[in-house]
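Step one of this worksheet: look at the structure below.
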Amino acid sequence: MSGQDGIVDAPWISAAQARNAEHIGREIEVRGWVRTRRDSKGGFSFVELNDGSCFGNLQIIAESSLPNYQADIHNLSAGSSIVARGIVQASQGGGQATELLAKQIRVLGIADPQDYPLQKKRHTLEKLREWAHLRPRTNTFGALTRVRNRLSQSVHQFFQEQGFYYINTPIITASDCEGAGQMFRVTTLPLDHLPLEKGKVDFSKDFFGKSSYLTVSGQLEAEIYATALGRVYTFGPTFRAENSNTSRHLAEFWMIEPEAAFFDLQDNMLLAEKFIKRLLRDLLDSCGEDMAFFEERIQPGVIASLRQVMEKPFEHLTYSDAIEILNSSGEKFEYPHAWGCDLQAEHERYLTEKHVRGPLVLYNYPKSIKPFYMRCNDDGRTVAAMDVLVPNVGEIIGGSQREERLDVLLSRLNEMQLQAEDYWWYIELRKFGTVPHSGFGLGFERVVQWVTGLGNIRDCIPFPRTPGSAEF
Ligand code: ATP
Ligand code: MN
C-alpha cells in the first residue's frame, strides 16, 4: 500500500501509522532511523525504527533468512537510516499494538558506533546542547519538537477563532520599544573604519541613515494595526542582548503579541487566561505520548498540575497587595521588596509557587518601573500593567492597557526623557481617532519550559542563542 493523502505519491507510510492496529495484515514500507538493534537467540533481530512521526518506535523483526542479514542487518546500529518493507502483524510482546515482519531491509546510511555520539547511555541535557545537530534524534527533543509544533498551531487557531489577524512586524527597527538598552545593533558600517562626526560615530552614514537594531518587541507596530483593524497578533522572533546567563533568558526568542482595540485591562487579563488555558487543553488532548514522557522523565506531576490550571480561575493581585504579602511573608529574600522596586524572580516565584500555588496575574504596577506607553491610573502613581506568573518559570506574560490620551502620553515621554520626535507616528495614533486598547507579550519558550518541566530554556528551542554561544 502507499501513504494516503501525501504530498508526494509516497510508497511508504509513517511509523505512527504502522503502529496502528488497523494496518495488521497489510504489506507496507517505512523509512527512518534505527534507535536500537537487539539480537534474539532464535536467530533473528529486533530493530527499533523512529521516523519522528510519533514518540514510540516501530519494532521490526528481521529474520536471519533475509539475504543481507549477515552483511548489513546484523551490524545495524543506532543512527543508521533504513527502508524496511514487510507485513504488519499484531505484536507478540507488550508495549505496542503492532510490529513489522520484514521482507526486505535496505540500509541507506550507516552510523559508525565508534563515532556516533548518541549511544544507548543517557546523556545530560548540557552535553546534548553541544550536539544540537543530533539532539533532535533523542526522545527528549523529538517530544519537545512535537510539543512546540502543537503549541504553535494552537496559538494561530486560538487567535483566528477570536477574530485576530496575524500580522508580521519588522525584525529590524530604529525604535527601542522598551525605552531601555539591551538591543543588538544592526549595521553595515566598517567596524575598523567608522565614520566619525565630532568624535562620535556618524550613523547617518549607516545603511538606514540612523541607528538601527534587532527588535525587542513588535508591540508598537502591532498597535498601528490594532487601531485600524481592531484585533491583531504577531508571532515572531525577538532579540535581547541582556547578558544574563539565566535558565529563563535567551538572546533570541519567539514572542506572541496580541493587540486589541476597545480592550481594557480586564479584557486583556481575560484574553491572556483564555489563551493559556486553550494552549494547555490542546496540548494535553493531542500530545499524550510526548507529555507522558515529560511526566516520567523530566518533571513528575507536571500533567496533573497543568490540568489543575485549566480547571481553576487565575488568581489576581495588585502590585501593592503583592508587596504587602512579601513584607509579611517572613521569607528571606536577596533583593529588596519595598513599594516601587521591580519584582525579582525570587519574589515572583514566592508569590506564584508558595502564596497562590498556581498562575497569578499581577497588575497595577508603579509607573516608575514600567515603560512610557502603559496607561496611567487615576491614583497618579501606578499604570494599568499586568504580568502573568506561573510556578517554576515565573513571568510568562507581560502586558498592559496602552495610554490612549495624547496629553498624558506626551507628558510621560517627557518625564522619561524620551524624544517625542522619535515616536511621532505613535503619537499621531492618539491624534487621529484614538481608542482604548490593550495587549500583551507571551514568551513562547517560557511556555514550552513551563509545560514540559524542562529546567533550562536553552532546551526549549531548537538552536539556543545565549551569551557566548551561537553555534549551529
Ligand atoms: P524578564 O523580567 O523575565 O526578563 P521582561 O519583563 O523583560 O522579562 P517583557 O519585556 O515583559 O519581558 O517581555 C514579554 C515576555 O517575553 C516575558 O513575559 C517573557 O515571557 C518573555 N521574555 C522576555 N525576555 C525573554 C528572554 N530573554 N528570553 C526568553 N523569553 C523572554
Ligand atoms: Mn515583563
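The values are calculated or read from the model by the stated rules, or taken from the named source; none is laboratory data. In this text the structure is predicted, and so the values were computed from the model without any measurement. Cβ: placed from backbone, ideal geometry, glycine included. Neighbour counts: every protein chain shown.
Conditions tested, residue by residue: (1) of a type in the set (S, T, Y); (2) at pLDDT 95 or above; (3) part of a loop (DSSP other than H, G, I, E, B).
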residue: F294; (1), (2), (3): no, yes, no
residue: R307; (1), (2), (3): no, yes, no
residue: L317; (1), (2), (3): no, yes, no
residue: S320; (1), (2), (3): yes, yes, no
residue: I323; (1), (2), (3): no, yes, no
residue: G340; (1), (2), (3): no, yes, yes
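At least 2 residues being out of contact with any helix residue (DSSP H, G or I) (no Cβ under 8 Å at 6 or more places or on another chain) and either loosely packed, with under 15 Cβ neighbours inside 10 Å or hydrophobic (A, V, I, L, M, F, W, C) (or both) is the threshold, and among the helices (runs of 4 or more DSSP H) wholly inside segment 354-472 those reaching it are 406-415, 424-431.
Within segment 194-215, can one find any residue that is among the hydroxyl-bearing types (S, T, Y), buried (at least 19 other Cβ atoms within 10 Å of the Cβ) and part of a loop (DSSP other than H, G, I, E, B)? Looking for residues that are among the hydroxyl-bearing types (S, T, Y), buried (at least 19 other Cβ atoms within 10 Å of the Cβ) and part of a loop (DSSP other than H, G, I, E, B), one finds at least one in segment 194-215, hence yes.
No other residue among A241, A272, A226, A251 is farther than 22 Å from A174 by Cα and aliphatic (A, V, I, L, M) apart from A272.
Based on what the data block shows, is R465 touching a residue at least 12 places away in the same chain (Cβ under 8 Å), away from ligand 1 (no atom under 14 Å from the Cβ) and more than 19 Å from L151 (Cβ to Cβ)? Answer is no for this residue. When segment 361-391 is filtered for residues that are within 13 Å of ligand 1 (Cβ to nearest atom) and closer than 30 Å to Q299 by Cα, the ones remaining, listed by number, are V361, L362, M386, D387, V388, L389, V390.
The residues on offer are G398, G433, G439, and the sole one that is more than 10 Å from ligand 1 (Cβ to nearest atom), touching a strand residue (DSSP E or B) at 6+ places or on another chain (Cβ under 6 Å), within 30 Å of K210 (Cβ to Cβ) and small (G, A, S) is G439.
Only one of the listed residues (K127, K120) is loosely packed, with under 12 Cβ neighbours inside 10 Å and touching a residue at least 60 places away in the same chain (Cβ under 8 Å). That residue is K120.
I427 meets the stated requirement of being away from ligand 2 (no atom under 16 Å from the Cβ), free of Cβ contacts under 8 Å to residues at least 40 places away in the same chain and either out of contact with any Pro (no Cβ under 7 Å at 6 or more places or on another chain) or within 20 Å of D342 (Cα to Cα) (or both). Looking across P195, P258, P170, one residue alone is free of Cβ contacts under 8 Å to residues at least 60 places away in the same chain, in contact with a helix residue (DSSP H, G or I) (Cβ under 8 Å, 6 or more places away or on another chain) and closer than 30 Å to P436 by Cβ. It is P170.
E99 meets the stated requirement of being touching a Leu at 6+ places or on another chain (Cβ under 8 Å) and acidic (D, E).
Looking across segment 127-136 at every residue that is in a helix (DSSP H, G or I) and under 19 Å from the mean Cα position of the chain (by Cα), the one that is farthest from S77 (Cα to Cα) is identified as R129.
Only one of the listed residues (Q299, Q308) is without any contact (Cβ under 8 Å) to a residue 60 or more places away in the chain and more than 16 Å from ligand 1 (Cβ to nearest atom). That residue is Q308.
Of R446, R458, all but one fail to be basic (K, R) and either more than 16 Å from ligand 2 (Cβ to nearest atom) or out of contact with any strand residue (DSSP E or B) (no Cβ under 6 Å at 6 or more places or on another chain) (or both); the exception is R458. P136 satisfies every condition listed in (1) crowded, with 16+ Cβ neighbours inside 10 Å; (2) in contact with a Gly (Cβ under 8 Å, 6 or more places away or on another chain); (3) under 30 Å from P464 (Cβ atoms); (4) at pLDDT 95 or above except (1).
For segment 102-122, the count of residues that are away from ligand 2 (no atom under 16 Å from the Cβ), modelled with pLDDT under 95 and in contact with a strand residue (DSSP E or B) (Cβ under 8 Å, 6 or more places away or on another chain) is at least one.
When segment 74-102 is filtered for residues that are within 13 Å of L58 (Cα to Cα) and within 34 Å of the chain's Cα centre (by Cα), the ones remaining, listed by number, are I82, V83, G95, Q96, A97, T98. Residues that are in contact (Cβ under 8 Å) with a residue 40 or more places away in the chain, in contact with a strand residue (DSSP E or B) (Cβ under 6 Å, 6 or more places away or on another chain) and of a type in the set (V, I, T) do occur in segment 144-160, at least one of them.
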